[in-house]
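Q: For reference, the structure I am asking about is given below.
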Amino acid sequence: MSGLLDLLNSPLGSQIIKGVAGQAGESEQKTAGVLSMALPLLMGAMKKNSATPEGAQGLMSALSGKHDGSILDNLGGLFGGGVDDNVMNDGQGILNHVLGAKQPQVENALSQKAGVSSDTVATILKIAAPLLMGVLGKQAKNEQVGESNGIGNLLGGLLGNDDNSNKEQSLIESFLDSDGDGSILDDVAGMVLGGNKGGDSGIGGLLGGLFGK
């Protein structure tokens, strides 16, 4: 997850955290905690979806068009008067695509782990999704990724390719593949988000230490 860690630790990341916190009406620390867990989950879901040629082509088209990274060029304007409804609706559309029916479970799990309401998590995710797509679009442009078969490598680079990151990725995939039998929230809190069950092995343990969680 080093690529995402670098993002959240950068001046750009600080600006994103501050802006999202203001929009969501939450503290910067708690907002950062949500983002540190939500961004890898969203990117893991995107990587899973792009494993098919159709999914990869769809993501590539989005990154070379609407989500080319330009949203990151004027974050002051984006957050200045409150995030535009068009951006929020775009975010919801992205979440529908990458999380589908799992979205309420993701929101509830993040809410439990981060100690913020699920409504606040939902707001944070709607803003984070277009920003994450913008990060991917800018990265794709910088790395001159022009073919859909390069998307997997791009996502893998931001998620990290070491053994620990592969372990995290498998946990993300098992979460997204779950049948929603009700026990998944315990599994997520313990396994994927690094709760009591999973100690510090989950994403929460890996990234949360940055924000004193």
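Q: Just to be sure, is Gln105 in contact with a Lys or Arg (Cβ under 8 Å, 6 or more places away or on another chain) and of a type outside the set (Lys, Arg)?
A: No: the conditions fail for Gln105.
Q: Do we have Ile71 as farther than 26 Å from Lys113 by Cβ and β-branched (Val, Ile, Thr) here?
A: yes
Q: What number of residues within the range 70-93 satisfy the criterion of being closer than 14 Å to Val20 by Cα, small (Gly, Ala, Ser) and either surrounded by fewer than 17 Cβ atoms within 10 Å (Cβ to Cβ) or without any contact (Cβ under 8 Å) to a residue 12 or more places away in the chain (or both)?
A: The qualifying residues number 5.
Q: Can you tell me how many residues within the range 91-129 are in contact with a Pro (Cβ under 6 Å, 6 or more places away or on another chain) and over 24 Å from Gln57 (Cβ atoms)?
A: The number of residues fulfilling the criteria is 0.
Where a number appears in this text, it was derived from the coordinates with a stated rule and is not lab data. What you see is a predicted model, and the numbers here were worked out from it, not measured in a lab. Because the Cβ atoms are built from the backbone with ideal geometry, glycine has one as well, and the counts that use them run over all protein chains shown.
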